[in-house]
1. Okay, helix-only estimate at 222 nm for chain A: each DSSP H run of n ≥ 4 adds -39500 (n - 2.57), divide by all residues, round to 500 deg cm²/dmol; what do you get?
2. So what is the calculated 222 nm ellipticity per residue for chain B, using -39500 (n - 2.57) for each DSSP H run with n of 4 or more, over all residues, to the nearest 500 deg cm²/dmol?
3. For a quick check of your reading of the filter: which trypsin sites (Lys or Arg not before Pro) in segment C:151-192 sit in a DSSP loop and have no more than 16 other Cβ atoms within 10 Å?
4. Within 10 Å of each candidate Cβ there may be at most 13 other Cβ atoms; applying that plus a DSSP loop requirement, which chymotrypsin sites (Phe, Trp or Tyr not before Pro) in segment A:268-304 survive?
5. At a temperature of 10 °C and a viscosity of 1.306 mPa s, determine how fast segment C:3-235 diffuses translationally according to Stokes-Einstein, using the Kirkwood radius over alpha-carbon pairs as Rh; express D in µm²/s, rounded to the nearest whole number.
6. Aspartates and glutamates within cross-link reach of residue C:228: Cα-Cα under 20 Å, excluding same-chain residues under 8 positions apart?
7. List, in order, the whole-Hz ³J(HN,Hα) value for each residue of segment B:13-26 obtained from phi through the Karplus relation with A = 6.51, B = -1.76, C = 1.60 and θ = phi - 60°; use x for Gly and Pro.
8. For segment C:106-182 and segment B:83-100, what is the centre-to-centre distance using only Cα atoms, to the nearest Å?
Amino acid sequence: MSGQWFLFSVDLLALFGIYLALNLSLRLQLGYTGIANFGLVLAFTGGAYVGGWLPIRLGMWLVEVDPSLADDMIWNNVIIASQVDLSLHGSPGTAMTILLITLLAAGAAGALLGLQSGYPAVRLGGDYLAISLLAFGEVLAIIGNNYDPVVGGPLGVRIPDVWAWAGDWRFMAASLANCALALGVWLYLDSIEKSPMGRMLRAIRDNPDAASSLGKNVARVRLNVMVTGGIICGLAGAMYTLYTTGVAPSALSRFDWTFLPWVMVVFGGSGSNVGVLIGTFTFILVQKLIISYKFALSFLPFDPVWLQFLLMGLVLILVLNFRPSGLVTEKASYALSRREMAKAAGKESL
Amino acid sequence: MASFIDALTYSALLGLMGFGLTLIRRTTGVWNVAHGEVVTIGSYVALTATSFLAHSPYFYLPLAFLVCAGVSGIIFLAGVEPIRAKGASSILLLVVTIAISLIMIAVINIYADYLQNVFHLSSKNFLFARFDFTLLGQMGILWAAWAALAALTISYYLVLQHTRLGLALRALAEQPTLAVVMGANVKSLSLLSWCLAGGAAGLAGCLFPMRFQCHPGVGTSMIATMFAVSIFGGIEKMYGPLLAGLVLGFAQIYGIDLLSSWVGPGVIPFKDLIPMIVLLLTLQFLPEGLSGFVGRRRG
Amino acid sequence: MNNLLKIENLNAGYGGIHVLFDVNLDCTRGEAVAIVGPNGSGKTTLLNSIFRLADIFSGSVILDGTEMQKEKSHKVTGRGVGYLRQEGNVFPGLTVEENLKMGAFNLPKGEVGERMEEVLSLVKPVVPFLRRTAGTLSGGEREMVALAVSLMCRPKLLLLDEPTSGLSPIASAQIAELIKNLKDKTRLSMLIIEQNLKILFDVVDKCYLLVSGRIIFSGGPGELQCDKELMRTYLGLA
Ligand SMILES: Nc1ncnc2c1ncn2[C@@H]1O[C@H](COP(=O)(O)OP(=O)(O)OP(=O)(O)O)[C@@H](O)[C@H]1O
Ligand SMILES: [Mg+2]
């Protein structure tokens with residue numbers, strides 16, 4: 001395998017992990033409780049900002065860096081980051097400490113953002129909620145783009161590389177870590193699926209009124225789900241930043257981090273993890289291929305990047321027309337197996 | 001003074017944009033995310049026509065209205081209606097409009113690239129302030145935007161209250177199935193609403209570059225603000241967007257001016273946060289929106 | 001042929017859900033037909049399929065000699081069918097007068113006022129509410145208004161889905177009286193779904209008993225009353 005293909009696959013894997021985690025969080029919210037979160041980008045951006053703000057400060061504190069540089073963290077950003085990088089090369093322990101603390105903080109930020117956007121909104125009906133979340137999704141982008149101290153304004157900042165210690169395997173390690181995050185979320189969803197909690201969530205999705213008449217506090221449960229979803233998005237945002245070792249508010253767009261996940265989930269089907277996985281993989285691959293072969297299309301009188309938008313839109317329309325529940329559809333989940341049910345029913349009729 | 005006039009102009013444009021969103025949501029129950037791109041198309045109609053055919057952009061207002069009404073109608077017929085006919089939920093319809101919005105973003109950008117690469121027009125950033133006239137000492141755009149908004153709102157109100165068509169439109173918004181049973185053709189009434197909404201967006205888009213910088217993402221970047229206008233205004237009454245446009249427009253331009261004179265110029269870039277804050281407060285304290293609130297007070 | 005409505009081997013439902021199985025039904029001019037049956041048996045679906053509000057899988061609905069299954073929903077009322085729906089049968093935000101006008105949507109504009117007077121003379125209890133917003137009426141008042149609205153289109157055939165639901169015994173009797181009146185005076189054909197059969201037994205000419213989407217009995221009201229078994233099992237009347 002040539003080096004170029006190796007890099008291509010590793011980057012594919014990294015993005016795949018991030019998007020899968022994000023998409024599973026969308027599935028948790030949409031597939032289980034019917035919350036159409038069109039503001040995924042909010043918590044993701046929150047996590048990414050934490051990833052852009054915290055590691056460099058932790059790094060300065062944990063390793064030796066010229067303290068006078070701290071006078072202007074943004075101006076001296078690149079110098080500090082490379083100095084921290086230098087020491088992180090030899091100390092995986094410090095790097096992993098930074099990673100863990102950052103993830104904790106990013107998760108907390110995600111939870112907070114989930115709570116903040118969910119609180120006024122969970123009582124609203126389906127599409128109202130969706131639209132408000134879409135609008136709130138813009139808030140952090142506006143702040144990040146205009147308030148330099150967060151992550152350096154529209155151009156962003158560079159951050160220390162917590163994977164520097166892995167040397168040549170740096171990209172591989174980061175990619176695998178991203179996939180580990182996705183795997184964790186996957187297992188979490190799987191465990192919910194089979195629990196009474198999962199059935200309650202689906203009951204709330206299918207008929208909120210009936211669920212609330214059965215004594216379930218629908219608003220509360222929805223809020224919990226939004227907070228959980230926010231945590232996952234926050235973690236994904238931080239992992240993404242740590243992988244790319246940089247963050248720029250202008251790159252955290254509604255298209256990339258809200259609409260694209262929606263396309264993937266709707267395409268694959270929000271009813272199952274496998275569907276989400278298939279949708280995620282397909283679109284990451286397509287996106288990477290378009291970007292890789294961009295130059296082959298340079299004869300066009302426009303930027304080939306727009307073909308990607310065109311493609312996503314068309315695929316989405318086709319799927320919605322011909323297979324609205326996505327490629328993979330939901331299976332009903334029963335508390336008892338078929339046989340047990342038949343047995344119970346049989347006894348009753350005796 | 002300048003910012004007062006700016007705020008007044010901006011309010012009218014916001015009102016025009018919100019008008020369409022509210023209209024579509026009211027009569028067909030869909031939040032149209034692609035509405036922002038329809039606005040952008042209005043701006044590009046103005047750019048194309050003024051570049052190739054000369055004349056002032058005002059001259060092309062009817063053209064922008066027609067083109068955007070057509071585009072919006074096509075969005076409804078080709079994108080939304082087939083899926084709605086299968087009984088899709090409001091969320092799924094929202095996803096449909098997102099898909100359409102992605103396609104339109106692509107088309108608009110490709111078109112802008114094309115204009116730039118082939119005809120060397122500055123299509124990624126344009127402003128027509130130089131074409132504007134003055135009337136009674138004020139910029140023409142101020143009068144034009146308010147005239148368009150007022151004419152639309154008032155005539156739509158009159159149609160709603162005094163004609164059979166208006167009765168059917170109101171009936172449709174309340175109980176679609178019953179309206180069908182009584183002989184209302186839901187599809188053509190919905191199409192009419194979408195076209196009118198698109199036309200209003202086209203007017204807004206055509207007028208926008210007279211005062212504000214335009215680019216391929218202009219409508220897309222304002223969609224969140226448009227939703228804020230629509231929800232804050234309340235979807236029950238068609239004067240909602242006008243009221244909300246005024247409040248938000250002033251808050252965003254005049255209010256931030258005032259604030260920056262107290263706090264310092266640092267707050268100016270955050271003017272785009274104001275609609276979000278208003279939206280947040282609306283959802284919390286005034287879920288039926290401004291017009292719903294006014295309506296409730298009067299009984 | 002004297003058949004105003006003829007339903008043949010109708011199979012209908014919603015999307016993938018099959019509700020009606022091989023239903024046959026006739027209604028001649030000036031006839032009042034009752035459809036009875038347990039909850040969920042498909043009575044409303046039967047009326048809905050005449051308006052294409054339910055999906056027709058096979059079979060035919062023939063109104064006045066024309067096949068209706070290709071007709072668009074909003075065109076049905078123009079062929080002289082009025083429909084009082086079981087639920088959502090008025091526009092709550094419109095005034096009663098506007099509701100009535102909306103009911104005459106398919107009539108020429110000039111005839112609306114005249115028709116409104118005719119209907120109001122038939123359904124007198126509605127007169128005092130004309131200026132009220134329909135959403136503020138009580139359930140019974142609203143049912144009266146809905147009945148008046150369904151008459152506005154000058155129907156030849158009137159579909160009534162539980163017209164007395166939620167009405168007091170006196171108001172129910174009034175409705176029964178009204179239905180009788182309509183039948184005698186205007187030779188209007190009617191399909192009536194009614195749980196409270198007793199008040200209609202002397203009005204209707206024919207009964208259909210629908211159970212689980214199948215017609216299991218059809219005949220005169222007298223015959224149905226004689227079949228004690230059916231009466232007890234499905235209608236709870238002895
Ligand atoms: N829109 C719908 N989509 C799917 N199934 C439906 C729909 N409407 C009704 N059904 C189902 O079709 C069956 C028949 O319903 P229908 O409303 O025709 O019953 P009905 O005889 O009118 O009952 P009732 O006496 O309670 O009014 C029921 O099992 C119901 O659950
Ligand atoms: Mg019924």
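Every number here is computed from the coordinates shown, using simple stated rules; none is lab data. Just so you know, these numbers come straight off a predicted model, no measurement behind them. Positions of Cβ are backbone-derived with ideal geometry, glycine not excepted, and every protein chain shown enters the neighbour counts.
1. Value at 222 nm, helices only, nearest 500: -22500 deg cm²/dmol.
2. -23500 deg cm²/dmol
3. Values: sites: C:156, C:180, C:183, C:185, C:187; in loops: C:156, C:187.
Listed in order of number, the matching sites are C:187.
4. Within segment A:268-304, the qualifying chymotrypsin sites (Phe, Trp or Tyr not before Pro) (loop, at most 13 other Cβ atoms within 10 Å) are A:293, A:299.
5. For these conditions, the coefficient is 88 µm²/s.
6. C:194, C:202, C:205
7. 5, 4, x, 4, 5, x, 3, x, 4, 5, 4, 5, 5, 5
8. Value for the Cα centre distance between the two parts: 37 Å.
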